[in-house]
Amino acid sequence: MPSSDANIPVKVLLVEDDEDDAVITRALLEKISVPRFEIDWAASYDAGLERMKEHHHDIGLLDYNLGSQSGIDFLREAHIDHQQTPIIMLTGQGNESLVLQALESGAIDYIPKRNISSENLQRAICHGIEKIRLQEELVAHQRQLERTNNELKQRTDEIQRFYHLLAHELKTPLTAASEFVNILLEGIPGSLNPEQTDYLHLIRGCCGHLDRNINDLYEITRLETGKLSLNQQPENLTPLVADVLHYLAPKAQAKNITLNTYLSPNLPPVMMDVQRIRQVLLNLVGNALKFTEKAGTVFVVAGEDPLCPGRVRVAIQDTGKGIPQSQLAGIFERLYQVEKDPSAASPGLGLGLFICRELVKLHEGTMSVTSTLGQGSTFSFTLRCAG
Ligand code: ADP
């Protein structure tokens, strides 16, 4: 590529087998003062290809008619040979229809010989060189992007491995600690006084909390490494919802929260992995109970989605504290937690909703939330009807 220094000439390879035309083109180029051109004339197809291999030209001017061969043949051969010099085709009378073919074969521009002038040559050459410079810049940027992307992938893999190792290393001693607490609570080594029992219950609660966080870490590595596969079958939601509500009933009772369902009587079976949708429901209903004040209500509603035929929508509505509008957009992102959340008695890692959304996505469903601060939130997701 020529330097931006106007004193350094632009090196032009002129491939032209007609001497008169070569003389005219040279004369037109020599009339131009900025940039200056240094012209290297190749008088035949083969001589042109040979010179091109020397790689020291900034641009080529290529006649279309080169004896028994054409400029298109030249372009193809140069291309096969990985010649990178940008080429402008000079087309003669009646060759205009071949312009498209020339451009497709790698020419960066063309000038009909009948229009050839110093101005046209100067403009086409400068544009051509600039175009190639931009292309090279683009390729360099793309390579840089690819490198950055690979580095990011590598970092992500490292983080995944770290999550997995961390989860494993924490889980084993935690399970043992929970077991010892249970042994103490069962009074196997000896009886406990009420204060000791209270403390052990607190320790068990903390172990449970840690265990949930570790499970989230496990889930996230499995999701993100594509190791989580579903076992989807046509299933009924009604018994599953009843089971989840039964499991969470003590939590609702402890806060005097009304926990109820409204399931459409004609609820069709859906395609789901029961254990995974159970996990989603436990998380969403669990959150609803966690963020709803005493004596509030939490409802699980399900029915065919009127806006989306062939889908069932499950909604978990609460009368809790709600989520600020400004935070709703990020709520399903991994590690996201609503800012300054003093009511979060046992905060998680901010992975719960992310995991739920990913599980629903694996079911080809969607997940959404609406919320009004101080009035409550509704988290909902869709599942495909079976059959
Ligand atoms: P974590 O796994 O830490 O519990 P989640 O991803 O489940 O996090 O939830 C992220 C945040 O979204 C919570 O910290 C909470 O602030 C907010 N949130 C989730 N569900 C509700 C809800 N029903 N009402 C109000 N806030 C909620």
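The values are calculated or read from the model by the stated rules, or taken from the named source; none is laboratory data. Everything numeric here is computed off the predicted structure, so don't read it as measured data. For neighbour counting, all protein chains shown are included, and Cβ atoms are generated from backbone atoms with ideal geometry for every residue, glycine included.
Observations on the structure shown:
- Checklist (1) more than 9 Å from the ligand (Cβ to nearest atom); (2) closer than 21 Å to Gly348 by Cα applied to Leu284, failing item: (1)
- Helices (runs of 4 or more DSSP H) completely within segment 19-104 that count 2 or more residues being over 46 Å from the mean Cα position of the chain (by Cα): 19-30, 45-52
- On the stretch given as segment 113-136, residues that are surrounded by fewer than 18 Cβ atoms within 10 Å (Cβ to Cβ) and in contact with a helix residue (DSSP H, G or I) (Cβ under 6 Å, 6 or more places away or on another chain) total 1.
- Pairing residues of segment 179-194 that are of a type in the set (S, T, N, Q) with residues that are surrounded by 11 or more Cβ atoms within 10 Å (Cβ to Cβ), at Cβ distances under 8 Å and at least 6 apart in sequence or on separate chains, gives Asn182/Arg204.
- When Ala302 is tested against (1) within 12 Å of the ligand (Cβ to nearest atom); (2) within 32 Å of the chain's Cα centre (by Cα); (3) of a type in the set (Gly, Ala, Ser), just one condition goes unmet, and that condition is (1).
- Whichever residue in segment 347-381 is crowded, with 21+ Cβ neighbours inside 10 Å and among the β-branched types (Val, Ile, Thr) and, among such residues, is nearest to the ligand (Cβ to nearest atom): Ile355
- Selection from segment 369-383 of residues that are touching a strand residue (DSSP E or B) at 6+ places or on another chain (Cβ under 9 Å) and over 14 Å from Val314 (Cβ atoms): Thr370, Ser371, Gly376, Ser377
- Scanning segment 352-387 for residues that are out of contact with any Leu (no Cβ under 6 Å at 6 or more places or on another chain), of a type in the set (A, V, I, L, M, F, W, C) and not in a strand (DSSP E or B) turns up Leu353, Phe354, Ile355, Cys356, Leu359, Val360, Leu373, Ala386.
- Qualifying residue in segment 187-198 (condition: under 40 Å from the mean Cα position of the chain (by Cα) and charged (D, E, K, R)): no
- Residue in segment 253-261 that is within 12 Å of the ligand (Cβ to nearest atom) and either within 25 Å of Glu364 (Cα to Cα) or modelled with pLDDT under 95 (or both) present: no
- Selection count, segment 306-335, where residues are closer than 18 Å to Leu259 by Cβ and away from the ligand (no atom under 13 Å from the Cβ): 1
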